[in-house]
Amino acid sequence: MTKKNNYAGGLNNYIVLKEEKEVVFYLHNPYPDCLEIPAIMKQRFPDDYKSIVTSDLDEFKKYGEKA
């Protein structure tokens with residue numbers, strides 16, 4: 001599990017949920033940063049993982065509790 005806790009936003013803030021095979025990104029202002037997510041997913045995670053993007057800090061923290 002990788003968990004970043006500075007909550008500043010950006011592509012370095014993500015939580016990996018291994019059991020669900022999901023990567024949750026917190027992007028305060030999603031566009032245009034979200035355009036880089038497919039390349040990051042391809043480089044860092046297996047093909048069967050999916051990405052989720054949220055701009056809601058409280059929702060991101062809830063995902064962190066699941067990790």
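The values are calculated or read from the model by the stated rules, or taken from the named source; none is laboratory data. Since we're looking at a predicted model, the values are computed, not measured. Here the Cβ is made from the backbone with ideal geometry for all residues, glycine too, and neighbour counts use every protein chain on show.
Can you find a residue in the stretch 36-53 that is over 17 Å from A67 (Cα atoms) and at pLDDT below 90? Give the steps one after another, and end with the answer.
Narrowing the stretch 36-53 to residues over 17 Å from A67 (Cα atoms): 36-44, 46-48.
Filter again for at pLDDT below 90, leaving none.
Looking for residues that are over 17 Å from A67 (Cα atoms) and at pLDDT below 90, one finds none in the stretch 36-53, hence no.
Restricting to the stretch 13-35, name every residue that is outside any helix (DSSP H, G or I), modelled with pLDDT of 90 or more and surrounded by fewer than 16 Cβ atoms within 10 Å (Cβ to Cβ). Please lay out each step first, then the result.
Kept after step one, since they are outside any helix (DSSP H, G or I), are these residues of the stretch 13-35: 13-32.
Adding the requirement that they be modelled with pLDDT of 90 or more leaves 14-27.
The answer is K18, E19, E20, K21.
Being out of contact with any Gly (no Cβ under 7 Å at 6 or more places or on another chain) and closer than 13 Å to N12 by Cα is the filter here; which residues of the stretch 31-48 pass it?
Within the stretch 31-48, C34, E36, I37, I40, M41, R44 meet the criteria.
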